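Enquirer: For reference, the structure I am asking about is given below.
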Amino acid sequence: MNKKILLINDFSGYGKVAVSAMTPVLVHRGFELFSLPTMIVSNTLNYGKFATIDTTSYMKEAVLVWNELGFKFDAVSTGFIANDEQAEFIAGLCRSESEKGVKIFVDPIMADNGKLYNSVSMHRVEIMKELASVADYIVPNQTEACLLSGLSYKESGYELSEINEMLHAIHKLGAKSVIITGAFIKSENGEIKKAVACYDHLNDECFTVFFDEIPVKVNGTGDTFSAIMIAELMCGSSLKDAVTKATESVRELIVRNLDIIGEYNGLPIEKDLDIL
């Protein structure tokens with residue numbers, strides 16, 4: 001029987017992000033998907049103009065129906081959360097599913113570039129710490145890692161020892177494995193290098209996967225990274241192999257599509273599924 005994954009994320013009518021970015025990857029890898037949209041939005045928010053539907057009430061009703069129908073999952077993946085009420089509901093849902101042995105993957109989307117997103121409060125950070133406490137794998141970016149760990153955000157970069165301190169601080173919240181995407185790491189000559197920095201709870205070790213950053217901005221790459229990593233882990237790969245595969249695959253998707261991708265619209269994943 002195919003493994004079942006619940007995606008808790010927003011749904012965009014236009015733009016290959018969130019559920020739309022993760023679905024082709026996971027379906028191609030043979031998983032059966034459930035989707036619980038945290039918000040329906042007409043297009044990616046970068047356009048500056050959009051229509052939205054708050055789905056909080058629907059989410060709660062959908063889960064009740066699924067429970068009555070006896071639906072079960074092998075993994076839950078959380079992404080964009082629209083408000084604090086949703087965040088508290090999702091934290092409770094993930095705790096309940098975790099107690100059943102379900103794998104919990106958390107992308108604590110709440111901040112970037114050293115600051116919280118608009119409408120995200122410090123209360124949300126505390127809820128995210130609660131969500132982190134039941135995560136088998138949590139995937140913050142550099143800013144989110146600072147908020148969760150309590151360490152300062154520095155655009156000047158971090159010593160590897162400082163990154164490892166962040167990883168262990170988030171692990172101490174209760175998260176098992178921690179994956180910091182886009183970590184700023186200082187090299188011996190003072191140059192800042194980008195890496196995915198990880199703590200692997202199964203091997204009790206920290207490791208980094210460095211990558212050459214392509215100077216383009218594309219929405220949805222984090223969602224695509226998460227989907228590839230989840231697929232690899234659910235199929236039995238080690239964390240190091242899963243992160244390496246996800247990093248290399250996202251880079252290759254960008255390289256193949258440099259001439260057609262738009263900043264706001266995401267990657268045309270379906271035409272390059274051979275990469276996966």
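The values are calculated or read from the model by the stated rules, or taken from the named source; none is laboratory data. Here the structure is a predicted model, which is why all the values come from computation and not from measurement. Using ideal geometry, Cβ is built from the backbone for each residue, glycine included, and neighbour counts are taken over all protein chains shown. Ligands, DNA and RNA are stripped out before the accessible areas are found, and what is left, the full protein with its side chains, is counted by its heavy atoms. Shrake-Rupley method; radii C 1.70, N 1.55, O 1.52, S 1.80 Å.
Enquirer: Could you work out the relative contact order of the stretch 133-267? I mean the mean sequence separation of Cα pairs under 8 Å and 6+ apart, divided by the number of residues, in percent.
Expert: 19 percent
Enquirer: Another question, if that's okay. For the stretch 161-229, with the dipole built from +1 on Lys and Arg beta-carbon atoms and -1 on Asp and Glu ones, taken about the Cα centre, which of 166, 196, 227 lies farthest toward the positive end?
Expert: Of the candidates, 227 comes out farthest on the positive side.
Enquirer: Turning to a different aspect of this structure: Measuring from centroid to centroid over Cα atoms, what is the spacing of the stretch 52-128 and the stretch 194-212 in Å?
Expert: 25 Å
Enquirer: In debye, nearest 20, what is the charge dipole magnitude of the stretch 69-129 about its Cα centre with +1 on Lys and Arg Cβ and -1 on Asp and Glu Cβ, if you could check?
Expert: Using only the charged Cβ atoms, the result is roughly 120 debye.
Enquirer: Label points 7 Å out from Cα along the Cβ direction at residue 153 and residue 62: separation in nm?
Expert: 2.9 nm
Enquirer: With a 1.4 Å probe and every protein chain kept in, tell me what percent of the accessible surface of the chain is carbon plus sulfur.
Expert: Carbon and sulfur: 50 percent of the exposed surface of the chain.
Enquirer: Starting from the Cα of residue 72, step 7 Å toward the Cβ, then list every residue of the stretch 84-115 with an amide N under 18 Å from that point.
Expert: It comes to 94-104, nothing else.
Enquirer: Between residue 122 and residue 254, what length comes free when the chain is fully extended (0.36 nm per residue of separation minus the Cα-Cα distance, one decimal in nm)?
Expert: Extending this stretch completely gives an extra 44.2 nm.
Enquirer: Might you tell me the accessible area per residue for the chain, computed with a 1.4 Å probe and given in Å²?
Expert: Counting only protein heavy atoms, the per-residue value for the chain is 46 Å².
Enquirer: Let me ask something else. Classify the stretch 108-222 as rounded, prolate or oblate from the Cα gyration tensor: take a ≥ b ≥ c as the square roots of its eigenvalues, call it rounded if a/c is under 1.5, otherwise prolate when a/b beats b/c and oblate if not.
Expert: Judged from the Cα gyration tensor, the stretch 108-222 comes out oblate (a/c at least 1.5, b/c at or above a/b).
Enquirer: How big is the dipole moment of the chain about its Cα centre under a simple scheme where the beta carbon of each Lys and Arg is +1, that of each Asp and Glu is -1, and everything else is neutral? Debye, nearest 20, please.
Expert: Dipole about the Cα centre, nearest 20: 260 debye.
Enquirer: Dipole size in debye (nearest 20) for the stretch 202-276 around its Cα centre, Lys and Arg Cβ +1, Asp and Glu Cβ -1?
Expert: 100 debye
Enquirer: Taking 0.36 nm per intervening residue step and subtracting the Cα-Cα distance, what contour gain separates residue 272 from residue 161 on full extension?
Expert: 36.2 nm
Enquirer: For the chain, what class follows from the C-alpha gyration tensor (a ≥ b ≥ c being the square roots of its eigenvalues): rounded when a/c is under 1.5, otherwise prolate if a/b is larger than b/c, else oblate?
Expert: rounded
Enquirer: At 7 Å along Cα-to-Cβ for each site, give me the label-to-label distance between residue 188 and residue 35 in nm.
Expert: Reported label-point gap for residue 188 and residue 35 is 4.9 nm.
Enquirer: Which of 268, 116, 106 sits farthest toward the positive end of the charge dipole of the chain, with +1 on the Cβ of Lys and Arg and -1 on the Cβ of Asp and Glu?
Expert: 268
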